[in-house]
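> Below are the structure tokens for one structure; questions will follow.
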RNA sequence: GACCCCAUCGUCUAGUCAGGUCUAGGACAUCAGGUUUUCAUCCUGAAAACACGGGUUCGAAUCCCGUUGGGGUCGCCA
């Protein structure tokens with residue numbers, strides 16, 4: 001890590017902004033998560049904006065060289081983990097948010113003594129003092145700074161308190177976040193600090209340290225927060241809460257997770273609210289078959305959301321391009337992102353809208369691409385399903401379900417009938433009554449008659465089958481539904497499935513004939 | 001509690017900086033029709049908001065003040 005060798009000219013914010021926009025100065029932004037858990041959607045959005053701003057400079061024909069850096073803020077040794085850092089990077093990559101260079105780890109910088117040197121400088125200048133082994137920064141003057149979103153912020157010194165910049169022995173004499181963030185941003189030449197508004201008041205501390213150390217200030221851009229639909233703070237706690245409730249409701253056995261490698265003690269602690277561990281929440285939910293609210297990026301990924309849809313939706317929280325444009329991809333965001341169009345008020349996360357975005361994106365995918373993506377998703381998360389279909393079947397399956405799938409996981413539920421044994425089809429009784437039994441068993445009669453026609457079909461392809469059903473219906477002067485619906489019930493147990501030709505073809509000749517036979521037998525009207 | 005910040009349909013938002021073109025536009029969700037063999041689509045339409053109270057002004061969603069409501073910070077967490 002070396003300071004980047006360029007000089008920033010001191011100008012007013014406005015002029016600076018105009019210059020940076022027009023002349024493509026050396027823009028450097030960063031995302032600086034602490035590796036204490038998975039990537040939260042709020043963090044993802046912050047990263048997205050910082051990334052987009054840097055790439056906007058880099059991508060312009062004028063030849064800017066915007067850089068987007070990743071820094072792992074692991075100064076809390078007790079809570080940080082390398083696994084979390086890896087998962088953070090994984091999720092970022094999945095979203096297509098790529099960073100320049102190697103990620104910087106604050107623990108490594110600490111080991112090199114980087115922060116200690118600055119602490120000493122502050123101590124020598126009388127701007128900080130020792131306090132029982134820790135070092136505190138003296139907040140003895142008024143602070144003012146400008147934010148690109150919130151404008152001019154001013155706080156009187158009476159409102160400010162001295163704060164720790166280096167932890168005592170128990171904390172490994174690590175710098176605190178407040179010190180490390182300032183030094184690292186400075187040393188890596190960060191020009192724009194883009195972060196959540198929860199840091200707005202913290203900025204008084206950061207600015208004070210910068211002034212004391214003689215650093216230039218970066219441009220601050222604080223973004224509004226993302227809240228739950230009910231207005232409460234969106235936190236990973238919500239997952240633990242939902243899982244805990246499910247566990248208590250179901251009187252979950254604390255030993256139930258031992259096969260999954262989670263001890264009864266930990267489960268007990270979880271239920272007693274002594275920890276909120278993600279892995280426990282997820283495992284409990286899996287066992288109890290309940291759906292937890294998606295909070296982290298990986299939750300949305302697991303639920304079958306596309307990264308492009310998530311990014312598009314997230315972009316629209318607290319920012320919009322104007323002109324009533326809502327659907328766009330990464331390139332558009334990079335080209336159009338600007339601080340000027342960032343809002344100030346918090347927004348609530350609306351899953352319905354994201355859901356719709358995802359559905360639209362799935363529908364718009366080139367079929368080959370969808371098949372490949374779906375296969376990858378199922379292989380990773382629904383192995384039995386991916387294994388249960390051969391290549392030809394899978395191709396048909398993907399084609400039939402692309403227009404119906406709103407997430408990559410949905411086909412698994414929608415097409416559950418494909419994997420069950422013929423004699424295990426569960427008939428929806430309402431469907432049986434309406435489609436098979438009504439009008440004195442008309443549906444059953446049609447089904448019975450059609451079975452012979454079907455048996456004579458040579459080419460078991462969707463098109464031929466579709467045509468066969470149509471021709472049969474016409475010959476009997478029946479609406480298509482009169483034939484298709486009884487068939488659906490026979491093949492799937494319900495009245496809902498892809499078009500009837502696709503459904504027949506998917507289920508296959510042998511199983512289709514068998515299922516019709518079984519259906520006639522099991523749903524016969526008893527006298 | 002102190003300090004900082006915020007406030008347009010249920011939700012995300014446009015409009016607010018440069019007050020009139022706003023009988024407030026779009027999207028998601030909702031409701032009602034239509035297309036369709038079911039479902040999913042698709043099409044048409046409807047309902048739905050400037051938090052409240054003062055002030056400035058010929059004129060305020062837009063500017064000012066206050067109230068209320070919400071969020072954040074006040075950790076040897078970040």
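> Using a Förster distance of 60 Å, how high is the FRET efficiency between residue A:524 and residue A:36, based on the Cβ-Cβ distance and rounded to 0.05?
Between residue A:524 and residue A:36 the formula returns 0.45.
> While we're looking at this one, here's another question. For residue A:474, put the label point 7 Å out on the Cα→Cβ axis and report which residues of the range A:422-450 keep their amide N under 18 Å from it.
A:450
> Taking 0.36 nm per residue of separation and subtracting the Cα-Cα distance, what length does fully extending residue A:263 through residue A:233 add?
Net length gain for the segment: 7.8 nm.
> Between helix A:438-455 and chain A, what is the angle of the helix's C-alpha long axis to the longest principal axis, kept within 0 to 90° and rounded to the nearest 10?
Here the helix axis deviates by roughly 90 degrees.
> Let me ask something else about it. Using a 10 Å cut-off around each Cβ, can you sort A:425, A:165, A:27 from fewest to most neighbouring Cβ atoms?
By the 10 Å Cβ count, ascending: A:425, A:27, A:165.
> Follow-up. Any chance you could give the angle, 0 to 90 degrees and rounded to 10, that helix A:509-522 forms with the longest Cα principal axis of chain A?
The angle comes out at about 70 degrees.
> Hey, another quick one. Expressed in whole Å with the largest first, what are the equivalent ellipsoid semi-axes of chain A derived from the C-alpha gyration tensor as the square root of 5 times each eigenvalue?
For chain A, the ellipsoid semi-axes come out as 59, 27, 18 Å.
> May I ask you to order A:49-56, A:223-230 by the average number of other C-beta atoms within 10 Å around their residues, highest value first?
Listed from highest to lowest mean packing, they are A:49-56, A:223-230.
> Next up: Round to the nearest 0.05 the FRET efficiency obtained for residue A:274 and residue A:458 when R0 = 60 Å and r is the Cβ-Cβ distance.
That pair, residue A:274 with residue A:458, gives E of 0.35.
> Assuming R0 = 45 Å, can you tell me the calculated FRET efficiency for the pair residue A:98 and residue A:510, based on Cβ-Cβ distance, to the nearest 0.05?
0.35
> Taking the Cα-to-Cβ direction at residue A:392 and at residue A:372 and moving 7 Å from each Cα, how far apart do the two end points lie in nm?
Here the modelled spin labels are 2.4 nm apart.
> For residue A:117 and residue A:202, compute 0.36 nm times the residue count separating them, minus their Cα-Cα distance, and round to one decimal in nm.
28.3 nm
> Give me the distance between the Cα centres of the range A:228-260 and the range A:49-123, rounded to whole Å.
Each part reduced to its Cα centre gives a spacing of 32 Å.
> Something else now. What list of whole percents do you get for P(r) of the range A:327-465, with Cα-Cα distances grouped in 5 Å bins up to the one holding the largest distance?
P(r) over the range A:327-465, rounded to whole percents: 2, 7, 11, 13, 15, 13, 12, 10, 6, 4, 3, 2, 2, 0.
> Right, here's the next one. So what is the 222 nm mean residue ellipticity for chain A from helices alone, if each DSSP H run of at least 4 adds -39500 (n - 2.57) and you divide by all residues, rounding to the nearest 500 deg cm²/dmol?
About -15000 deg cm²/dmol.
The numbers here are math on the coordinates, done by the rules we state, and not lab data. Given the structure is predicted, the values throughout are model-derived calculations rather than measurements. Glycine also receives a Cβ, built like all others from the backbone with ideal geometry; neighbour counts cover every protein chain displayed.
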